[in-house]
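Notes to accompany the following structure.
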Amino acid sequence: MSELESVIERKLIDQLVYGDSQWVYREDLKTEDDLWKNFRYILEQNNKDRLNGEPLSDAEFEQVKNQLQFSSFYKAGEWLVGENGKVMVHVQRDTQKLHLVVMNHEHIAGGSSVYEVINQYSALQSDDEDVRGRRFDVTLMINGLPMIHIELKNRQHSYMDAFWQIKKYIGEGKFTGIFSAVQMFVISNGVDTRYFSAAGDTELNPKFISGWLDRNNEAVSDYLDFARCVLRIPEAHEMIARYTVLDEDAKRLILLRPYQIHAIESIREASKTGNSGFVWHTTGSGKTLTSYKATRNLLMDIPSIDKAIFLIDRKDLDTQTSMAFQAYANNDLIDVDETDNVNDLKKKLKSADRQVIVTTIQKLQILTMRRLQEGTADYNRIRNLKIAFVVDECHRAVTPNTKRELERFFARSMWYGFTGTPRFAENPYPQLGDLPRTTEELYGACLHKYTIQNAIRDKAVLGFQVEHNGPKNMVDETDTDVYDNEAHMLKVIDVILNKSSRIRNAAVFGEHIVVPLIQKSHEFFIVKKNVPFIHRFPVDIHLIRIALQVCIVNTRGISRAPFGKSVWHYKQLFDIRPINPYREKAFAVIDPVGDNTIDFNNMMTKFGAGFFDERDSVLAELLNAFGRDDFRHGQKSAVIRSHNIIDFFKIAFDGCSD
C-alpha cells in the first residue's frame, strides 16, 4: 500500500530539520498574515541599527509590502540579485530614507540568515467563486520569504501530477503576495523527484524540468535523498543565490542543472588550492551557461583574482559568446566586457575594475607577444595580474605552445578548460618537443565529466535516430568482419546518399566508411563500383566534400600540389566557378611546416581572421568547413594521415575524369 501524502510530507520535514540542520520547522505559520508578521519580525531583528532601535510602523511596513508584490517570478529574481550581494527594501521615514537588508547572500549558512520550513499553508481565497482556497504542501523560506516550494504526491501518482497542480495554482493567482518571491519548485511522488525554475503558468514547460545527479552522474530520485543533496543548507540557499541565472533576453529564470553545478563547484574547489584543470561536458549540454557561471564565480569567490578572462578562438564566437554572457550578466553583480580590438583588450587589462573579459586567443597573443614592450609600466602591470583563464573548446582553442607562452607571460595565472572532445593518448596533439600532448597534460586533472551517454540518458540533448539496415540474425553483433567489408560499406553509402534526407554525422561517415574503403582498395569506389549517385543534395554534403572535410581534421599538413589539384578537380566535378586567380597566391603565403606542407591550423587562423575573401566560394567554403565542430563526433576526432588524403584525391578525381 502506498504511503499517504501526509506521511511523505511529514518524513520530508523530519529529514529537513534532522540533526544539526539549520532548517527550523514553523508549524504555527499557516496563513499569509502569519507570514507577513514573521517576515516583519525577522526584518526588524536584522536591521536594528538601521532602524535606530525603533520598529517599523504599520504605514512603513506597508511600504515594504508594496515593494514585495512582484508582477512575475522573473521580477522577483531581479530584486533578489541585490546590491553588492545585499537584497534591500527602502522605507521613507519622515525626511530620512531607510535602506533595510532583507537578505545577505554573503551570509549563506550563517550571519543574518534565517531558514524556516512551513507546511499546509492556506493559499489566498480567490474572488472567483469557482476557484477555492488551496493548501500548499511544503515551503522553504529564507529570512521569512518563500523561496522554494515543494508539491508532493504519493507513489500511485506521477510526479508530473504535481507539476500540473503547480501550473494550475499559478494560473489561479495563488502565487501572489508574499509567495510571488518564489524562485524554485520541487515536485515528487516519493520515488521520482524533479526541480524547475519558477515561471508564469503559460511559460512553464516540462522540458525545463530536471532531475538531480550526484557528482558521478548517478540519478538521485528518492525524495529524502534529494532533500539531503539539494535542500539542506547551504545547498538550498546556493541554488537561489549562486545557481539561478536571469536570462534578460528571454525574461526568464534559469536554474542550473546538476552537472553544471558540480562542474562549477569542482572549479571552485580547485581554485582554492591554486590548481588548474578541465571540464569535459558534451556538446549541447549548456557549456556557455556553465562557463559563464564558472568565470563569474571565480571572480566573486577569490578576492585575489584581478580579472577572469573567457578565451575563445574565433571572432564570430567572440561576439556570440559576449552577447550570451551579457544577457546573463545584466542582472548580475559583475561586468562582462567584450574586446573590440587589441587596444581595447589592453585598456581593460590595465583598468582597476575587477571584471569578466571575453576575448579571442588571437587578440591576447598579439597583445602579449607584439604590442607590450618589456620594461614599460603597461608591460609590468599587465604581466603581474593574477588572472583566471576559462577556455572554451579547450581541445583546439589554445595550442600547447601558445598556452606555454601565455603561462610564461602571466606567471600568476590559473587555467580552466571546457571541451566536449578532450585529447587523450589515442588522439594526442602532435609531438613537438616536450609540449603536452593530452588535455590532462595541458590543463591538469579532469574536474568533472558529463559525456554524450549521460546527456542522452538524461534527455539533456537529442538522441540518435537508428535505422537497422545491416545484417539480420547475427550470432555476435560485435563481430566487426560483418561490417568491415566492401559490400556492407557500399550498402551504407547507398542508404546515406540516396535514401536519407541529409547526412547527419559526416565525421562518422567519413572516418568509418570513406577512409577505410580508400585504404583497402585505393579506388574511388563511387565511380569504380557504379553505386547509384543521385545528385539531389546541395554541394556541401556531397561525398567528396565530406571525405575532404573529415580527412583533413587533425592532420599536420598536406602537400601543396595535390591539394591544389584536388580543389581544381572539385570545381570541375561540381561545376563551381573557378577561384579568383589572384587568390591562388594564398598557398604561397601560408606558413609551411616542413617538407613543402601546409599547416592547416595556421590556415584556419588566417581564414577566421579574414585573411581570405569569403566570397571566393570553393577555397573559403572548404576552409570554413575544416574549422567547424559539425564534423567531430563522440569523444574523439577523426585522425587520418596526410598520405591517405593525397592518395584519395589522386585516385578519386582521376576516377571521376574517366
| query | Are any of the residues in region 94-116 among the aliphatic types (A, V, I, L, M), within 38 Å of the chain's Cα centre (by Cα) and under 21 Å from Ile166 (Cβ atoms)? | reply | no
| request: Tell me which of these Phe61 doesn't satisfy, since it passes every other one: (1) without any contact (Cβ under 8 Å) to a residue 60 or more places away in the chain; (2) aromatic (Phe, Trp, Tyr); (3) out of contact with any strand residue (DSSP E or B) (no Cβ under 9 Å at 6 or more places or on another chain). | output: (3)
| With respect to the numbered conditions (1) more than 18 Å from Thr244 (Cβ to Cβ); (2) surrounded by fewer than 17 Cβ atoms within 10 Å (Cβ to Cβ), which one is the sole condition not fulfilled by Gly190? | (2)
| said: Among the residues that make up region 54-68, is at least one of them under 28 Å from Leu224 (Cα atoms) and either charged (D, E, K, R) or buried (at least 18 other Cβ atoms within 10 Å of the Cβ) (or both)? | reply: no
| query | Taking the condition of a type outside the set (Ser, Thr, Tyr), touching a Lys or Arg at 6+ places or on another chain (Cβ under 7 Å) and surrounded by 16 or more Cβ atoms within 10 Å (Cβ to Cβ), does Asn47 pass? | reply | no
| Single unsatisfied condition, Asn343 versus (1) touching a strand residue (DSSP E or B) at 6+ places or on another chain (Cβ under 9 Å); (2) modelled with pLDDT of 80 or more; (3) open to solvent by 50 Å² or more (accessible area, probe 1.4 Å) | (1)
| task | Would you point out which residue out of Thr283, Thr290 is within 24 Å of Phe424 (Cβ to Cβ), part of a loop (DSSP other than H, G, I, E, B) and of a type in the set (Val, Ile, Thr)? | result | Thr283
| field | Matching residues in region 146-191 - criterion: being farther than 23 Å from Lys11 by Cβ, part of a loop (DSSP other than H, G, I, E, B) and among the hydroxyl-bearing types (Ser, Thr, Tyr) | value | Thr176
| Any hit, region 354-364, residues being modelled with pLDDT of 90 or more and over 26 Å from the mean Cα position of the chain (by Cα) | no
| Among the residues of region 247-266, which ones are more than 15 Å from Thr282 (Cα to Cα), at pLDDT 95 or above and not aliphatic (A, V, I, L, M)? | Glu265, Ser266
| task | Determine which single condition Ile42 fails, assuming it passes every other condition in (1) under 17 Å from Asn104 (Cα atoms); (2) within 37 Å of the chain's Cα centre (by Cα); (3) crowded, with 19+ Cβ neighbours inside 10 Å; (4) of a type in the set (A, V, I, L, M, F, W, C). | result | (2)
| request: Under 9 Å between Cβ atoms, at least 6 apart or on separate chains: pull out the pairs that start in region 133-158 with a residue that is without any contact (Cβ under 8 Å) to a residue 12 or more places away in the chain and end on any residue that is part of a loop (DSSP other than H, G, I, E, B). | output: Gly133/Ala123; Gly133/Leu124; Gly133/Gln125; Gly133/Ser126; Gly133/Lys174
| said: I'd like to know if region 214-221 contains one or more residues that are buried (at least 19 other Cβ atoms within 10 Å of the Cβ) and in contact (Cβ under 8 Å) with a residue 12 or more places away in the chain. | reply: no
| task | May I ask you to verify whether Glu203 is under 18 Å from Thr244 (Cα atoms), open to solvent by 10 Å² or more (accessible area, probe 1.4 Å) and of a type outside the set (Lys, Arg)? | result | yes
| query | Given the structure, is Gly53 small (Gly, Ala, Ser) and within 30 Å of Ile254 (Cα to Cα)? | reply | no
| said: more than 23 Å from Glu62 (Cα to Cα), open to solvent by less than 20 Å² (accessible area, probe 1.4 Å), within 39 Å of the chain's Cα centre (by Cα) and at pLDDT 95 or above: which single residue out of Leu145, Leu152 fits that description? | reply: Leu152
| Residues in region 312-319: is at least one of a type in the set (Lys, Arg), in contact (Cβ under 8 Å) with a residue 40 or more places away in the chain, open to solvent by 30 Å² or more (accessible area, probe 1.4 Å) and assigned to a loop (DSSP other than H, G, I, E, B)? | yes
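The values are calculated or read from the model by the stated rules, or taken from the named source; none is laboratory data. What you see is a predicted model; the values in this text were computed from it and never measured. So basically every Cβ, Gly included, is an ideal-geometry build from the backbone, and we count neighbours across all protein chains shown. SASA here: full protein model, heavy atoms, side chains in, ligands and nucleic acids out. Shrake-Rupley method; radii C 1.70, N 1.55, O 1.52, S 1.80 Å.
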